[in-house]
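Just so it is clear, none of the values below were taken in a lab; they were calculated from the coordinates. The structure presented is a predicted model; accordingly, all values stated were derived computationally and were not measured. Positions of Cβ are backbone-derived with ideal geometry, glycine not excepted, and every protein chain shown enters the neighbour counts.
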Amino acid sequence: MTSWLDEVFAVRKPVIAMLHLSALPGDPGFDSVAGIRAVVDRARGELAALQEGGVDGVMISNEFSLPYLTQTEPITAITMARVIGELLGDFAVPYGVNVLWDGRASIDLAVATGAQWVREIFTGVYASDFGLWDTNVGAVARHRHRVGGSGVKLLFNIVPESAVYLAERDLASVTATTVFATRPDAICVSGLTAGASTDSQALQVVKNSAGDVPVFVNTGVRADNAAAQLSIADGAIVGTYFKEDGVFENRAVAPRVAELMSVVREFRQTL
């Protein structure tokens, strides 16, 4: 069956690379001396490395806005729009956005920049490192329609990092009701934190329960497990592995990207 993934990426099992922006204005880690220009320059260099290494898509996020807000300040999405605007001429692959952890802001940013998808926590109530984490998917869906973002695909992360679902429900039932009641365009399954391996058994449970909705493995994909994870998932989102020495804080480097993408291309030949 043809899905929107085929139309957007034109390959089986697409790999979306994370483009992690440096801390932004308002974030505790923002370098006010170097300013926005340094954020743009680093992002441009990493985008070049990711595309040179052969990724199928890129997702821009404010990954270094730690600690995260569940309702972001306007300056975050505004600054991200500035950065992405400066990079528009550099994109050679499809791109999406993620304003952590704010679904509405992510959709606003996608509409403003022409991004084709967003990834966020759209459903559930969680106990998290960032406090009690509530959502309102109905309000977000209506907001997407109201701002002209009906064409923006929504990637639902139903196993969020640094959080646990408060209801006593198993992953299969959460997946099934999420698909039935909230109409995600894709589902993402994560490990504990960025770069942490996603449990393959949990990934299989979600895949078995998601019907025709594509499932992404969202964290912890490496060259040595990419084939195994993609034998279950419909695609992968990769960030930390593409960084120098596989360290979260470092910059993405083309050789590590090319290493993993070589494994993925070889795996695709078996499909």
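3J(HN,Hα) couplings calculated from phi for the stretch 238-253 with the Karplus curve 6.51 cos²θ - 1.76 cosθ + 1.60 (θ = phi - 60°) are, in sequence order, 10, x, 4, 4, 7, 7, 4, 6, x, 9, 3, 6, 7, 7, 5, 10 Hz; Gly and Pro show x. Listed by chain and number, the lysines placed with their C-alpha closer than 27 angstrom to that of K207 are K13, K153; residues fewer than eight positions away on the same chain are left out.
Determine the shape class of the stretch 1-157: with a ≥ b ≥ c the square roots of the Cα gyration tensor eigenvalues, call it rounded for a/c under 1.5, and otherwise prolate if a/b is greater than b/c, oblate otherwise.
Taking the square roots of the gyration eigenvalues as a ≥ b ≥ c, the stretch 1-157 is oblate.
Take every Cα pair under 8 Å in the chain that's 6+ residues apart, average their separations, divide by the length, and report that relative contact order as a whole percent. Taking the mean separation of contacting Cα pairs over the length of the chain, I get 18 percent. For the peptides 150-156, 207-213, residues were scored by their other Cβ atoms within 10 Å and the scores averaged per peptide; the highest-first order is 150-156, 207-213. The length gained on full extension between I78 and E52, counted as 0.36 nm times the residue separation minus their Cα-Cα distance, comes to 6.6 nm. Each of E86 and W4 was given a label point 7 Å from its Cα along the Cα-to-Cβ line. The distance between the two points is 3.0 nm.
Placing dummy labels 7 Å off each Cα toward the beta-carbon, the span from A176 to A38 is 5.2 nm.
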